[in-house]
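Dropping a structure here in structure tokens format, bear with me for questions.
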């Protein structure tokens with residue numbers, strides 16, 4: 001149990017790092033500046049010029065993140081299932097589904113860009129069309145709408161609140177982050193994806209801290225366990 005909790009703590013910190021690295025690389029190496037007047041072909045040229053950086057970035061923020069998410073989802077399930085078994089039976093599958101979606105998203109983006117690059121040498125127009133299709137699929141799986149991740153974070157935070165695990169501040173943060181993720185399902189509210197991402201940095205760091213410092217469920221904040229319905 002303690003080993004799994006420790007692994008979950010490390011996984012949570014890796015996920016926080018993935019977000020931090022992702023934002024930093026996007027703001028520096030992959031920052032094209034003002035692209036308002038650019039054509040789709042020009043945007044593709046910019047990406048292809050930095051293809052290897054782009055692929056490494058996508059693999060880290062999606063594939064590595066997704067693998068770590070599997071470990072964290074299992075660790076949190078083991079920690080919270082005793083107090084809230086019904087709620088965790090619903091929450092954990094969403095975590096594992098989210099992991100599968102983000103891993104698939106990263107692989108499609110990386111492999112898809114390789115195909116686009118090969119086609120670009122002979123047919124720029126078709127390569128541009130293929131890139132748009134790959135981008136749409138990637139965003140649909142895990143790069144745009146955060147409803148699955150939002151549901152998982154929200155359910156985990158509710159389970160932790162009801163069982164007095166972690167701290168109330170961290171759990172309320174998780175509720176806010178989860179709701180922000182759910183709101184991204186509406187196109188006019190897509191900007192909440194940034195709130196979801198930035199909030200998750202703090203949430204993952206907090207979860208990682210508690211799992212590493214308080215590896216056993218008995219060491220969680222449980223002054224007076226609440227026995228509400230799951």
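With the structure loaded, tell me whether residue 99 is in contact (Cβ under 8 Å) with a residue 40 or more places away in the chain and closer than 20 Å to residue 150 by Cβ or whether it fails that test.
In short, no.
Taking the conditions exactly as written (outside any helix (DSSP H, G or I) and modelled with pLDDT of 90 or more), does residue 122 satisfy them or not?
Yes: the conditions hold for residue 122.
Sticking with this structure for a sec: For residue 89, work out the one condition from (1) buried (at least 16 other Cβ atoms within 10 Å of the Cβ); (2) without any contact (Cβ under 8 Å) to a residue 40 or more places away in the chain; (3) farther than 30 Å from residue 54 by Cα it doesn't fulfil.
(1)
Is it the case that some residue within the range 94-112 is part of a helix (DSSP H, G or I) and surrounded by fewer than 14 Cβ atoms within 10 Å (Cβ to Cβ)?
Within the range 94-112, one or more residues are part of a helix (DSSP H, G or I) and surrounded by fewer than 14 Cβ atoms within 10 Å (Cβ to Cβ).
Moving on to the next point. Exactly one condition in (1) more than 16 Å from the chain's Cα centre (by Cα); (2) in contact (Cβ under 8 Å) with a residue 60 or more places away in the chain; (3) crowded, with 19+ Cβ neighbours inside 10 Å; (4) part of a helix (DSSP H, G or I) is false for residue 117; which is it?
Of (1) more than 16 Å from the chain's Cα centre (by Cα); (2) in contact (Cβ under 8 Å) with a residue 60 or more places away in the chain; (3) crowded, with 19+ Cβ neighbours inside 10 Å; (4) part of a helix (DSSP H, G or I), only one is false for residue 117: (3).
What number goes with the only condition from (1) modelled with pLDDT of 90 or more; (2) farther than 30 Å from residue 43 by Cβ that residue 133 does not pass?
The one condition residue 133 does not meet is (2).
If we keep just the residues of the range 165-189 that are under 17 Å from the mean Cα position of the chain (by Cα) and assigned to a loop (DSSP other than H, G, I, E, B), which is surrounded by the most Cβ atoms within 10 Å (Cβ to Cβ)?
If we filter the range 165-189 for residues that are under 17 Å from the mean Cα position of the chain (by Cα), which is where we start, we get 173-185.
Keeping just the survivors that are assigned to a loop (DSSP other than H, G, I, E, B) gives 184-185.
Details: 184: 21, 185: 14.
Per the criteria, the residue is 184.
Take the range 120-141 and flag every residue that is under 18 Å from residue 60 (Cα atoms) and surrounded by 20 or more Cβ atoms within 10 Å (Cβ to Cβ).
Passing the criteria: 135, 138, 141.
As an exercise: evaluate residue 162 against (1) more than 20 Å from residue 90 (Cα to Cα); (2) surrounded by fewer than 22 Cβ atoms within 10 Å (Cβ to Cβ); (3) in contact with a helix residue (DSSP H, G or I) (Cβ under 9 Å, 6 or more places away or on another chain) and give the number of the one condition it does not meet.
Of (1) more than 20 Å from residue 90 (Cα to Cα); (2) surrounded by fewer than 22 Cβ atoms within 10 Å (Cβ to Cβ); (3) in contact with a helix residue (DSSP H, G or I) (Cβ under 9 Å, 6 or more places away or on another chain), only one is false for residue 162: (1).
The values are calculated or read from the model by the stated rules, or taken from the named source; none is laboratory data. Note that this is a predicted model, so its numbers are computed, not measured. Cβ coordinates were reconstructed from backbone atoms using ideal geometry, including for glycine residues, and neighbour counts include every protein chain displayed.
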